[in-house]
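Here's the structure, in structure tokens; my notes come after.
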Amino acid sequence: MTEPKPDNSRLKIRLRGVHKRFGSKIVLDGLDLDVGVSESVVVIGGSGTGKSVMLKCILGLLQPDKGSIQVDGEEVVGMSAAAREEINRKFGMLFQGGALFDSLPVWENVAFGLLAEKKVTRLEAREIAISKLAQVGLGGEVGDLSPAELSGGMQKRVGLARAIASDPEIIFFDEPTTGLDPIMADVINDLIVKTTRQMGATALSITHDMASARKIANRIAMLYEGKIIWAGPTENIDSSGNLYVEQFINGRAEGPIKMAVRA
Amino acid sequence: MRFLRLIGRVFLAFLGTAGRLILFTADAVSQCVRPPFYPRMILRHMLDIGYFSLPVVGLTAIFAGMVLALQSYTGFARFSAEGVIANVVVISITRELGPVLAGLMVAGRIGASLAAEIGTMRVTEQIDALTTLSTNPMKYLVTPRLIAGVTMFPFLVFIADIIGVFGGYVVAVYKLGFNPANYIQSTYDFLQAEDVNSGLVKAAVFGFIVTLMGCYHGYNSKGGAQGVGTATTNAVVSASILILCFYYILTEMFFAK
Ligand SMILES: Nc1ncnc2c1ncn2[C@@H]1O[C@H](COP(=O)(O)OP(=O)(O)OP(=O)(O)O)[C@@H](O)[C@H]1O
Ligand SMILES: [Mg+2]
């Protein structure tokens, strides 16, 4: 990475030398990443390169084998369970597969974090949930359905509403626009921009959708073979001078990145 | 040499599993006394485990009571000791058959559904999602189910006791021609509080075992639909085996004086 490092005290998330392997398969191999306060960083990278694993390591859902992860300057690797719970209140997360609770109606899914923190009554929580659903383009009547009755794209949007419902300081979006039509994808991009720019939240997103990445990111980082091989401001992405990045953003099969397909 | 290595590996795997299970149990139980509590969840699972298991448990108990009366009649009639049938029925049902039959039946019903539900939540990342929504998944998913299991199993077994004794009464009176008043009188005379209590204590232990096994295997399942299927099987098998082990241990504790 050649870009000037953001000031350390203004870093929301700081990853250094994070390693994670599953059995003999090395997924993260010394990953470094910085996310500044109120910054929106997008991580791009091929399928199966460990982008979701990286988010889960930051959230403590997976334990990294080695390395340091700091949130607001506080080391979170090896933290006690109670302290971890406290830290996790800062986060909202949109899971790649939605991960909606299928035993609860949609509105309770959206309001789950609010109800868990006991900041509001059930009635108020419901109202907040309906307004968050409206922000992702879903009508109030959807609130009473069960998640299994929704289409894949609708589930994604409910997941998004749930991630932003309690106005977290840091939001992770794992492929927010995958499975949405182009118009809805743009609505969601606008919503992400709005939550980060207006509410000052810090966002770390993962996407394969370069149009979305260009729109929501202040900074883009590319993950390849367990490391960040390039990171820089969004406007520099087309002049990165990095062959891997160029191949990826132009979606070419030929280049330094080899897909493991045997014809 | 290779054989020794195999034994060593199996033994280590066993210790690992036992250790994980103990840690899991300790965590789940310690969450019982730490807020927040989830009364809604506890009630929901009490209803599911207690109320909706009644048909299964009732049917098992009534047939067990009927068979017991019939079979002990054919046995005791040889010694002209038909008079003790009422005692045999009531003591066998309350002490032994009520808890163990109800336990095994409900192990199939509840153990399997707990493992499948929690296992599906695990593989669809719903358990991870709970963590990111300021909720401890142990406390939210496991502890309410354990509480419901430990409280509702004794209730189910109590009902099973009554229905089972009634089954014995029906066969004795309508098939074997006993005098109803005498039968009820001798049932009543021989029954002691200890018989029923020991059965209820067993039931509480079995309730703990069934819900714990369902939750443990579901919580640790991995690898999609197949993983959930394996977790379900393991939950029912391990719960059934543990029930039978503890059945003996508890009987020994209560009655081998
Ligand atoms: N729980 C797990 N156990 C074993 N291997 C895992 C586990 N989670 C992820 N992996 C492996 O780690 C690698 C990275 O997975 P990850 O989900 O992070 O990919 P990704 O970059 O998010 O891909 P995509 O863009 O397709 O979502 C994959 O090869 C996967 O097989
Ligand atoms: Mg992913």
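The values are calculated or read from the model by the stated rules, or taken from the named source; none is laboratory data. None of these values were measured; they are calculated from a predicted model. With ideal geometry, Cβ positions are generated from the backbone for all residues, glycine too; neighbour counts draw on all protein chains shown. The protein model used for the area step is the full one, side chains on, heavy atoms only, and it has no ligands, DNA or RNA in it. Shrake-Rupley method; radii C 1.70, N 1.55, O 1.52, S 1.80 Å.
A few notes on this one:
- Projection of the Cα convex hull of segment B:160-201, averaged over all directions and equal to a quarter of that hull's surface, yields 2.9 nm².
- Max-minus-min Cα coordinates of segment A:48-128 on each principal axis give 44, 29, 18 Å, with the largest extent listed first.
- Base-10 log of normalised Debye intensity for the protein assembly as shown (one unit scatterer per alpha-carbon) at q = 0.08, 0.10 Å⁻¹: -0.64, -0.87
- Listed peptides B:176-188, B:143-155 by packing density, highest first (mean Cβ within 10 Å): B:143-155, B:176-188
- Modelled FRET efficiency - R0 30 Å, B:Leu70 with B:Asn197, Cβ distances, 0.05 increments: 0.60
- Applying 1/(1 + (r/R0)^6) with R0 = 56 Å to the Cβ-Cβ distance of B:Ile162 and A:Ser151 gives a FRET efficiency near 0.65.
- Accessible-area loss of 50 Å² or more (1.4 Å probe, protein heavy atoms, chain alone versus all protein chains) is found in segment B:91-131 for B:Glu125, B:Gln126, B:Asp128.
- Relative to the longest principal axis of the Cα atoms of chain B, the long axis of helix B:112-123 lies at roughly 10 degrees.
- The protein assembly as shown, accessible surface, carbon-and-sulfur percent (1.4 angstrom probe): 63
- Measure of compaction for segment A:188-260 (Cα Rg per 2.2 N^0.38 Å): 1.19
- Sequence-separation-based contact order of segment A:12-116, relative, with Cα cut under 8 Å and 6+ spacing, percent: 26
- Cross-link pairs beyond the 25 Å C-alpha cut-off, checked among A:Lys66/A:Lys156; A:Lys156/A:Lys215; A:Lys12/A:Lys51; A:Lys20/A:Lys118: A:Lys66/A:Lys156; A:Lys20/A:Lys118
- Compactness of segment B:39-250, expressed as Rg and Dmax over alpha-carbon positions, Å: 20.0, 70
- Mean-square fluctuations from a GNM of chain A, with a 10 angstrom spring cutoff on Cα atoms, peak among A:Lys215, A:Lys119, A:Lys227 at A:Lys119.
- Buried solvent-accessible surface, both chains (A, B), 1.4 Å probe, Å² to nearest 100: 1700
- Relative contact order (percent, whole number), segment B:39-250, Cα cutoff 8 Å, 6+ residue spacing: 36
- Drop in accessible area of at least 20 Å² in the complex versus isolated chain, residues of segment A:93-134, 1.4 Å probe: A:Phe95, A:Ala99, A:Phe101, A:Asp102, A:Ser103, A:Phe112, A:Gly113, A:Ala116, A:Lys118, A:Arg122
- D (Stokes-Einstein, µm²/s), Kirkwood Cα radius, chain A, 1.306 mPa s at 10 °C: 83
- Each residue of segment B:226-238 was assigned a 3J(HN,Hα) from its phi angle through the Karplus curve 6.51 cos²θ - 1.76 cosθ + 1.60 (θ = phi - 60°); the sequence is 5, x, 5, x, 4, 4, 5, 4, 4, 4, 5, 5, 5 Hz, with glycine and proline shown as x.
- A DSSP coil position with no more than 12 other Cβ atoms inside 10 Å describes none of the trypsin sites (Lys or Arg not before Pro) in segment A:135-196.
- Per residue accessible area of the protein assembly as shown, 1.4 Å probe, in Å²: 47
- Hydrodynamic radius of segment A:37-174 by the Kirkwood approach over all distinct alpha-carbon pairs: 16.1 Å.
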